[in-house]
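Notes follow the structure.
The values are calculated or read from the model by the stated rules, or taken from the named source; none is laboratory data. Values in this document were obtained by computation on a predicted structure and should not be read as measured data. Neighbour counts are summed over all protein chains in view; Cβ atoms, including those assigned to glycine, are modelled from backbone coordinates with ideal geometry. When the accessible area is computed, the model is the full protein with side chains, heavy atoms only, and any ligands, DNA or RNA have been set aside. Shrake-Rupley method; radii C 1.70, N 1.55, O 1.52, S 1.80 Å.
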Amino acid sequence: MNDILEKPRKIYVTRKIEFNAAHRLFNPELSDEENRLFYGKCGGVHGHGHNYLLEITLSGTIDRKTGYLFDLKILKTILEEEIVARFDHRHLNFEVSELAGNVPTTELLAVAIWEILDDRLRAITNQEVRLHEVRIHETGKNSVTYLGE
Ligand code: NI
């Protein structure tokens, strides 16, 4: 018998989800001139929408019994409950308490999503499985990656 898991194998699994949301990049603590300088048309008073693509990566060692790192069906359910339900078809400036008082850039969105998912995963997984990376594609060309540091 070839025991592939004779030694622990560090591995990564990734699940993608999409959600649509609106935001306005505007900082009320800055002058109108600074807001225009930093955010340009992203600061338009009525906001604009994005089709966000999120990639969530977990890390850990393969479970000897299941052969999985983590059941991706469970991760799918967690992402629907924690991310889609919270963010999809929302206005990020007004409707998401985790972002209240912050300019909803993709960077801050990535950190907020990290905090939400890290809390949830720590509550249900053993020490071997951890949230490794949150990556958000805001457009086809721009993405942000947060590793929890
Ligand atoms: Ni935008």
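Against the numbered list (1) open to solvent by 30 Å² or more (accessible area, probe 1.4 Å); (2) of a type in the set (A, V, I, L, M); (3) over 16 Å from ALA21 (Cα atoms), VAL134 comes up short only at (1).
Give the number of residues within segment 116-131 that are among the charged types (D, E, K, R) and surrounded by fewer than 14 Cβ atoms within 10 Å (Cβ to Cβ). Counting residues in segment 116-131 that are among the charged types (D, E, K, R) and surrounded by fewer than 14 Cβ atoms within 10 Å (Cβ to Cβ) gives 2. Report every pair of residues separated by at least 6 positions or lying on different chains whose Cβ atoms are under 7 Å apart, first residue within segment 43-56 and more than 14 Å from HIS91 (Cβ to Cβ), second open to solvent by 30 Å² or more (accessible area, probe 1.4 Å) and within 9 Å of the ligand (Cβ to nearest atom). That search, which allows pairs on different chains as well, returns GLY43/ARG24. Looking only at residues in segment 9-23 that are of a type in the set (Lys, Arg) and in a strand (DSSP E or B), which one is farthest from the chain's Cα centre (by Cα)? Going through the qualifying residues, I end up with LYS10. Identify the residue in segment 18-40 that is closer than 24 Å to VAL84 by Cα and charged (D, E, K, R) and, among all such residues, is surrounded by the fewest Cβ atoms within 10 Å (Cβ to Cβ). The residue in question is GLU18.
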